[in-house]
Structure formats: C-alpha cells, structure tokens
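Read through the structure below, which is laid out as structure tokens, and then see the notes.
What follows draws every value from the coordinates through simple rules; no lab data is involved. Being a predicted model, the structure only gives us computed values, none of them experimental. No Cβ is skipped: glycine too gets one built from the backbone with ideal geometry, and neighbour counts run over all protein chains shown.
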C-alpha cells in the first residue's frame, strides 16, 4: 500500500486563470511530500482485478441494497467530489471514460485490513478533487440506492492534481485557452467533442457500407488545387527546388484515384486555407469528400438526404442516452426530400430582373449596371463573388426553417463541374448543388468535368477571374494544373463528387454557435496562444 500524498487544500479564487499563486503553493507542498519518500507519480501496477467504471456499472447494476459482491476489483479514475459524512465515513465520486461511480471509505471495514484511525483520517486531508486515484474494493449498494465500490484498502494516488479544479469555468476565452480544464469542469464541452467523434465514426461506416474505399491523399504538394482559396506555403530542406503548399482540398487527388480504377472513394481528413477566422471558419479544418463513378446530381442529392437523416437519428440517440448535456435533435427537420431552389430563376424572381448572358466578357459590368438600376450596389471584384454575394442575400435565407438545396449555379462559380445550357434561362449552368441549413453551407456536390479540353478552358477562365480580383493573388495560386488535365486524358468516367465540412455538421447537431467549440483546442488563435514556450534558465541547464 502506497502512502497518501499530502497536498494542502488551497482556497479557489473566482478567476481560474489567475491561480498561478495557488499552483506554486501546491507544487511546494508536493515537493515537500516527495522528500518524505512518498512515491512520485508511480508506475501503474496491475494488482487485483482492474475494471473500467462503465464495465463496473454494467456488471453490478442489478446488485441489491446492503448486498456486497464477493469479487474484489480495482477502479481507477479522477476524483470529482469528496464528502466527509463523519470522522469514520467518507464518500467520493470517481470518474473515468465519461461515467462515474461512488466510492465508499468506511473505517469499520478498513480497520479489518490493518488501517489505523490516524491513517484513515489522512484521507479527508490528502484526497483532493482532481486527483487521479486507484480504489480497491467490492461492489455494493447503499441504503439510498447508489451503486458504490466499498473500499477494502486505502486508495493509491496515481497522479496528483497540483492546480485545484474550478467549480465553474464560464468565460469563453479562459475555457478554450485551458481546454483540458474546460473538459473536466463543463460536461457540455466534452459532450460536444464526443459527438464529433461519434459523427465521424458514423460517416465512415456509412460510406464503407456503400462499398466506398477510404484513401489518404497528399497534404503537402507542389501546388494546392481543388478550390479557390489561398494556401499555406512552406519549403523543404530536401533537394526539391520548388516551394510546397498545404492542401486546400483533396479533390484533384481523389479523382486521380477514380481514373486509376477506384470507382468509389472517400477521404476524411484535414485541409488548410490561409484565410480569416470567424465564428464558422478556421484555417485548419476537417473535410469529408467522396467520389462515385457513374453517379449523377440526382444520385448525390439522394445520398446526401439519406446521410443527413441518418446522422440526425444517430445524434438524437446519442444525446438521449450518452450526451445528455446537449440539446435534443429535431429529427423530423432532417427528413428528406429537401426543398430545392434553382440558382438563376429564383434569383431573377427575387430581384425582379433579367440577368445578362453570364459567359460574355462584359457580363460583370452589365450585371453591375442592372443591379445599380435597382438600387443595389456592391464591392465584389469578380462575377463569381458577386453571384455568391447575391445568393447569400436572397437564396440562402430560405434555409432558415428547413434544409435546402441550391442547384444549378452559373458555370463561372464551378470551374470543376460539368456544365450545360439551362432550358429555362438559356444560361450556361453547372450540374451542381449546395446544401444549406440555417443559412450555413453544409455540403457541396456536382457532376465532375471529365472533358480535358473543357477542363483546361475552365481553368483558363478561372485564372482570368482571379487576375481581375484586387486581392493580390499569388502567382502560384493562378497556375493551370496541366498535370490534372493530363490525368483526365486517361479517361475519368462520369463521376459525382461531394464534400462537406465536419465542423459545420457538428455545430449543427450539437447546437454550437462557434466553430471553436467543436475543435478540440479551439481555433487557430487559441492554439497559438496555448504554446507557452520559454528558454531554459542558465541555472537549469548547468544544474
């Protein structure tokens, strides 16, 4: 039996972020305890029968009041609560793997194991909220009906908590800047991150069940492609002469796999865009993209409706049984078919105007003049951005109450999608749809352009638009990807492609308002602030 570490309890200030003084006192107390030959962070020893707390609760859930099990087991976890009922009876709450169980320390039972009253009294002094301990005992149920482990030995402290846990941690910046503490104190924080994990697992199983193969594609490459966004650039110390870019989307790599014979492929992983941070955007984020040979836009829309409804049902069940701090999911809201709005016909109706031919060289200037005649001014530098802005103002609000597909975008907005002439407007439009919920884009899908000549021309048109943009686009961002065009020359079958941001989905089904809430350690600002490096002092190095 290991001695109990003696770490003095300190009063908790209201502002946890200012507890440096308390921490220093706790560290000094712990240092003094180690001088008395108290084990310091002992190695784990598998004595007895180790059992997980969820396993313990399941195995002994039927045990009756006043009954004590014959089997002696060992539970390990973090102390959440301590209550001294009397000088000879102490209750604790032990938590591990998101479940908890009551621990019962009764001197009358421990005395038979050779524990003295003085040793027993040290429990109330030395056991602190936040300590990670090991409890050996037997399952029992108290008169109040609480399943408990009745200790048969003194507890072992496996890892002391040197900084007292706050009772409340509500300031957003403090919470996210100290995410590990936030998770220990706020159930909703950890439930949100658990929902993210369960959602990702569900999506992987969804695609595997439909015969998709999961691949990993390069994150570092000679150029970033697959979306119109600014990349992060870096360099290598190897013999490569060119700079490298971190991927902004895996799209072009995944379509290479389809050309190579992988008819159904998906990837779930990180992407990076060197752009701003706000409530719904972070430079590092997680995407899921899939590509399915011989799938058209109708197939993509139907599969999306099936996936979204399945996620809603899955999340609803999890929240009802495991993640109870999260708001219930209104499953019926996500039952398809979802409403569809055609981009140009609905936009023309909303604005009560006719659009010019959007592939003409003067389309941007012409549309701007027509909008100004309606009293609508803008500062957008390109036609694609102007159309996107109009959609945000007039189309996306239709998704406030129900999921919505916006379909058949103008061709200038979708350089990687197949295009055709709209029978209603005569405009060149893409075989594309975007899914919106509560005015947030949740998924993007389209039939892939597989004509190499048409794809090359669309790249050229995209370059022309970017050169008109006053945003200072770097040279490497406007190069035509001839390598990808050459891949298409080997033959890409008619293919449907789809992508979504995982963070947006988790926000939707967890009720989170900020993307930082669904990222393990917050947004990029929070991550950078968490790095607190310092140079070693001379006396530390020379000691």
Legend entry - Contact order relative to length of the chain, as percent, for alpha carbon pairs under 8 angstrom and 6 or more apart: 12 percent
Legend entry - Viscosity 0.692 mPa s, temperature 37 °C, Stokes-Einstein D of the range 410-467 from Kirkwood C-alpha radius, µm²/s: 265 µm²/s
Inset, instruction - Please say if the range 169-269 is rounded, prolate or oblate, where rounded means a/c under 1.5 for a ≥ b ≥ c the square roots of the C-alpha gyration tensor eigenvalues, and otherwise the choice is prolate for a/b larger than b/c and oblate otherwise? - result: oblate
Legend entry - Over the range 316-356, volume per residue of the alpha carbon convex hull, in Å³: 112 Å³
Legend entry - Value in Å of the Kirkwood radius, where the chain supplies the Cα pairs that are averaged: 27.7 Å
Inset, instruction - May I ask you to derive the relative contact order of the range 126-184, considering only C-alpha pairs under 8 Å and at least 6 residues apart, and to give it as an integer percent? - result: 32 percent
Inset, instruction - Please give the helix 20-35 orientation as an angle from the longest Cα principal axis of the chain, in degrees from 0 to 90, rounded to the nearest 10. - result: 50 degrees
Inset, instruction - Grab the beta carbon distance between residue 202 and residue 457, set R0 = 41 Å, and tell me the FRET efficiency rounded to 0.05. - result: 0.55
Legend entry - Helix 452-468 vs. the chain, principal-axis angle (Cα, 0 to 90°, nearest 10): 80 degrees
Inset, instruction - For a quick protection proxy, order the peptides 348-354, 494-500 by their average other-Cβ count within 10 Å, most packed first. - result: 494-500, 348-354
Legend entry - Relative contact order for the range 242-319, counting Cα pairs under 8 Å that sit 6 or more residues apart, in percent: 26 percent
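Between residue 125 and residue 331, what FRET efficiency comes out of the Förster formula 1/(1 + (r/R0)^6) with R0 = 45 Å and r the beta carbon distance, rounded to 0.05?
Working: r = 51 Å, r/R0 = 1.13.
About 0.35, to the nearest 0.05.
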Legend entry - Debye log10 I(q)/I(0) for the range 211-340, one point scatterer per Cα, at q = 0.09, 0.20 Å⁻¹: -0.39, -1.20
Inset, instruction - For the range 385-433, report the translational diffusion coefficient in µm²/s to the nearest whole number, using Stokes-Einstein at 37 °C, 0.692 mPa s, and a Kirkwood Rh over Cα pairs. - result: 283 µm²/s
Legend entry - Calculated P(r) tail over 15 Å for the range 326-416, as whole % of Cα pairs: 65 percent
Inset, instruction - Note the angle between two axes, namely the Cα long axis of helix 117-126 and the longest principal axis of the Cα atoms of the chain, as a number of degrees from 0 to 90, rounded to the nearest 10. - result: 30 degrees
Inset, instruction - Round to a whole angstrom and tell me the spacing of the C-alpha centers of the range 145-194 and the range 483-508. - result: 41 Å
Legend entry - Segment residue 489-residue 65, length gained on full extension (0.36 nm per residue, minus Cα span): 145.2 nm
Legend entry - Ranked packing of 323-331, 302-310, most packed first, by mean Cβ within 10 Å: 302-310, 323-331
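Provide the FRET efficiency to the nearest 0.05 for the residue 168-residue 113 pair, computing r from the beta carbons and using R0 = 45 Å.
E between residue 168 and residue 113, to the nearest 0.05, is 0.75.
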Legend entry - Expected 222 nm ellipticity per residue - DSSP helices of 4 or more, -39500 (n - 2.57), all of the chain, to 500: -10000 deg cm²/dmol
Inset, instruction - Work out, step by step, the length gained on full extension between residue 180 and residue 370: first 0.36 nm times the residue separation, then minus their alpha carbon distance; give nm to one decimal. - result: 63.0 nm
Legend entry - Net length gained if the chain between residue 534 and residue 210 were fully extended (0.36 nm per residue, minus Cα distance): 111.6 nm
Inset, instruction - Can you pull the one-decimal nm distance between simple spin-label points at residue 340 and residue 514, each 7 Å off the Cα toward Cβ? - result: 3.9 nm
Legend entry - Centre separation in Å (Cα based) which lies between the range 423-462 and the range 51-66: 56 Å
Inset, instruction - Just order 77-86, 259-268, 209-218, 133-142 by mean Cβ neighbour count inside 10 Å, highest at the front, would you? - result: 133-142, 259-268, 77-86, 209-218
Legend entry - Shape call, the range 237-291: gyration tensor on alpha carbons, a/c limit 1.5: oblate
Inset, instruction - Just report the Cα centroid separation between the range 278-323 and the range 361-410, whole Å. - result: 26 Å
Inset, instruction - Any chance you could get the radius of gyration and Dmax over the Cα atoms of the range 58-168, in Å? - result: 13.5, 40
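Could you tell me whether the range 128-183 comes out rounded, prolate or oblate from its Cα gyration tensor? Rule is a ≥ b ≥ c as square roots of the eigenvalues, rounded for a/c under 1.5, then prolate if a/b exceeds b/c, otherwise oblate.
The shape class here is oblate.
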